[in-house]
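Let me begin by presenting the structure, written as C-alpha cells, before commenting on it.
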Amino acid sequence: MAQEMQLSVVAPDRSVVDEPVQSVIIPGAAGYFGVLKGHVPLIAALKAGLVEYIDSGNQRHYVSISGGFAEISPSKINILADAAERSQDIDVTRAEKALENARKALRGEISGVNSVEATAELERAMTRLKAAKSASDGR
Ligand code: ATP
C-alpha cells in the first residue's frame, strides 16, 4: 500500500481540501515540485498554478491556487492559498471573462488597472482555465 500524507488546502474563507493523498505536485515560486511521504520539513512560497494530487483511491485531482504558502512536514502538507478552487468548482465563463478583462487592461483599454494587477489577474484566470481543462481531459 502506498504511503499516505494528509493534504490540507485552505483559502481565506474555507477549507478546500482535507484528505489523505499519495503524492502532490505544488506550484512553488521557483517552479513546480513534487512531495511524497517523508519529505524534509520545508516552507515554500507559492505562485498561481495547479496543485495536482493523487488520492488514496488512485484518483488524480487538480486545485487552482492564486499563490500563498506551503508548510511541508514528513506526513502533512498545509497549503494556505490566497484563493483556491477544485477544478470541478471552477466557473469557466467567469474565468474567460476575467481573462478578457485582464487582456483589455494590458492593452490599455480599461483605466484604473495597472499592469501588475492586470498580469496577476491574467495568471489567475489562465490557471483556473487550465485546471478546468486538465480535469475535463482526465489528464
Ligand atoms: P474575478 O474577476 O472573476 O472576480 P478574480 O481573479 O479577481 O476573478 P479572486 O479575487 O482571485 O477573483 O477570487 C475571489 C473569490 O472568487 C475567491 O473565493 C475565488 O475562489 C472565487 N473565484 C474567482 N474566480 C472564480 C472562478 N472562475 N470559478 C470559481 N470561483 C472563482
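Coupling constants for the range 81-92 follow from the phi torsions by the Karplus curve (6.51 cos²θ - 1.76 cosθ + 1.60, θ = phi - 60°), and in residue order they are 10, 5, 7, 8, 9, 5, 3, 6, 9, 7, 8, 5 Hz; glycine and proline get x. The HN-Hα couplings worked out from phi for the range 48-65 by the Karplus form 6.51 cos²θ - 1.76 cosθ + 1.60 (θ = phi - 60°) are 4, x, 9, 8, 10, 9, 10, 7, 5, x, 6, 8, 8, 10, 10, 10, 7, 10 Hz, whole numbers, x standing for Gly and Pro. Counted residue by residue at 0.36 nm each, then reduced by the alpha carbon distance between them, the extension gain from SER8 to ILE110 reaches 33.0 nm. Taking every protein chain into account, the 1.4 Å probe leaves ILE43 with about 130 Å² of accessible area, to the nearest ten. Taken per residue, the accessible surface of the chain reaches 55 Å², heavy atoms only and a 1.4 Å probe.
Measuring nothing but protein heavy atoms, the accessible surface of the chain at 1.4 Å probe radius is 52 percent carbon and sulfur. Relative contact order of the range 1-86, taken over Cα pairs closer than 8 Å and 6 or more residues apart, is 32 percent.
With a Cα cut-off of under 27 Å and a minimum spacing of 8 residues unless on different chains, the lysine pairs in the range 1-129 number 5.
How much net charge surrounds GLU96 when only the other residues with a Cβ under 11 Å from the Cβ of GLU96 are counted, with Lys and Arg +1 and Asp and Glu -1? Once positives and negatives cancel, what remains is +2.
What is the gain in length, in nm to one decimal, between VAL92 and ALA30 on full extension, counting 0.36 nm per residue of separation less the C-alpha to C-alpha distance?
Working: separation 62, 0.36 × 62 = 22.32 nm, distance 2.74 nm.
Going from the current span to full extension adds 19.6 nm.
Amide hydrogen proximity for VAL17: with H placed 1.01 Å from N in the peptide plane, the residues at 5 or more positions away or on another chain lying under 5 Å are VAL9.
Spin-label pair GLN59-ASN78: with each label point 7 Å from Cα along the Cα-Cβ axis, the two points sit 2.7 nm from one another.
Sequentially through the range 102-110, phi angles give Karplus couplings (6.51, -1.76, 1.60; θ = phi - 60°) of 4, 5, 4, 4, 5, 7, x, 8, 10 Hz, Gly and Pro residues having no value and appearing as x.
Summing +1 for each Lys or Arg and -1 for each Asp or Glu among the other residues whose beta-carbon sits under 10 angstrom from that of GLU19 gives -3.
The values are calculated or read from the model by the stated rules, or taken from the named source; none is laboratory data. Remember, predicted model here, so these are calculated numbers, not experimental data. In this analysis, Cβ positions are derived from the backbone assuming ideal geometry, glycine residues included, and neighbour counts consider all displayed protein chains. Note: accessible area is taken over every heavy atom of the protein model, side chains too, but ligands, DNA and RNA are not part of it. Shrake-Rupley method; radii C 1.70, N 1.55, O 1.52, S 1.80 Å.
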